[in-house]
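Colleague: Pasting a structure below so you can have a look.
Bear in mind these aren't lab numbers, they're just calculated from the coordinates by the rules spelled out. The structure presented is a predicted model; accordingly, all values stated were derived computationally and were not measured. Please note: Cβ atoms are built from the backbone with ideal geometry, for glycine as well, and neighbour counts cover all protein chains shown.
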Ligand SMILES: [Zn+2]
């Protein structure tokens, strides 16, 4: 809805300028400037969830305790998730796994272990398609619902935690989330772990982690276990506890 207000505001601005100044190069310059500003706001709003332009998302914990949350996207992964669970258990830490629906049935045993060990899971769409944000609202809802159906079929209680692929939101994703009553979960520390070295990821987290942080990691990153171990070691020394989102 906020998106439509933004467009309306922009159009009103353009029309006002045309009426006031009428046609001149100044009008064209002003319209170009307004278009540039509008497009910049739009691109930032689509790609940065915490700006809350389209969807109100949770990008940090509302806590007064020494708590933070580690989240893992794109799993379950047979290569890494079991080892991630071992490391979490070693540090008595809890986490949240945003799972891709079409991976669930193949890794039902891992999913069961995630739940049995007190972690939480969230919906990360069924296909994790790059084109997801430009699908119709109906198709976006179907992808989210199909993932929930998989959770239910595998005896996992569904919740309202949702993370959009690539953290991209727009008015279509917003409409689908609202209609399905999902809570959009973002992050405060995007480690970019799939394209950075473990040293860079660990250094970034150590520099920025604080009470309330939500850290984004990926089950599919081959260095995730090494990074997680170092992150948890550091957080333990800082008396920061990782909790599961709910
Ligand atoms: Zn993802």
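Colleague: Could you work out how far helix 224-237 tilts from the main Cα principal axis of the chain, as a 0 to 90 degree angle to the nearest 10?
Modeller: 80
Colleague: Going by average Cβ density within 10 Å per residue, which order do the peptides 235-241, 66-72, 140-146, 93-99 take, highest to lowest?
Modeller: Packing proxy ranking, top to bottom: 93-99, 66-72, 140-146, 235-241.
Colleague: Evaluate the range 162-220: find the radius of gyration of its Cα atoms, find its Kirkwood radius, and give the ratio Rg to Rh.
Modeller: With Rh from the inverse mean 1/r over Cα pairs, Rg/Rh is 1.07.
Colleague: Also, I was wondering about something else. Take 189, 231 and order them by how many other Cβ atoms sit within 10 Å, fewest up front.
Modeller: If I rank by nearby Cβ atoms, fewest first, I get 189, 231.
Colleague: In degrees, nearest 10, range 0 to 90: what is the angle between the Cα axis of helix 198-208 and the longest Cα principal axis of the chain?
Modeller: 70
Colleague: Could you tell me, in Å, what Rg and Dmax come out for the Cα atoms of the range 19-153?
Modeller: 21.5, 70
Colleague: Another question about this same structure. What base-10 log of the normalised intensity I(q)/I(0) is obtained for the chain from the Debye formula, alpha carbons as equal point scatterers, at q = 0.08, 0.11, 0.14 Å⁻¹?
Modeller: Reported log10 I(q)/I(0), two decimals: -0.36, -0.62, -0.90.
Colleague: Let me ask something additional. If you take the square roots of the eigenvalues of the alpha-carbon gyration tensor of the range 104-246 and sort them as a ≥ b ≥ c, do you get rounded (a/c under 1.5), prolate (a/b over b/c) or oblate?
Modeller: Taking the square roots of the gyration eigenvalues as a ≥ b ≥ c, the range 104-246 is prolate.
Colleague: Same structure again: Stokes-Einstein diffusion coefficient for the range 5-71 at 10 °C in a medium of 1.306 mPa s, Rh from the Kirkwood formula over Cα pairs: what value in µm²/s?
Modeller: 108
Colleague: Would you mind calculating the relative contact order of the chain from Cα pairs under 8 angstrom and at least 6 residues apart, reporting the percent as a whole number?
Modeller: Numbers: 418 pairs, mean separation 70.0, N = 246.
Rounded, it is 28 percent for the chain.
Colleague: Using a 7 Å offset from the Cα along the Cα-to-Cβ direction at both residue 37 and residue 153, what is the distance between the two label points in nm, to one decimal?
Modeller: Modelled inter-label distance: 5.1 nm.
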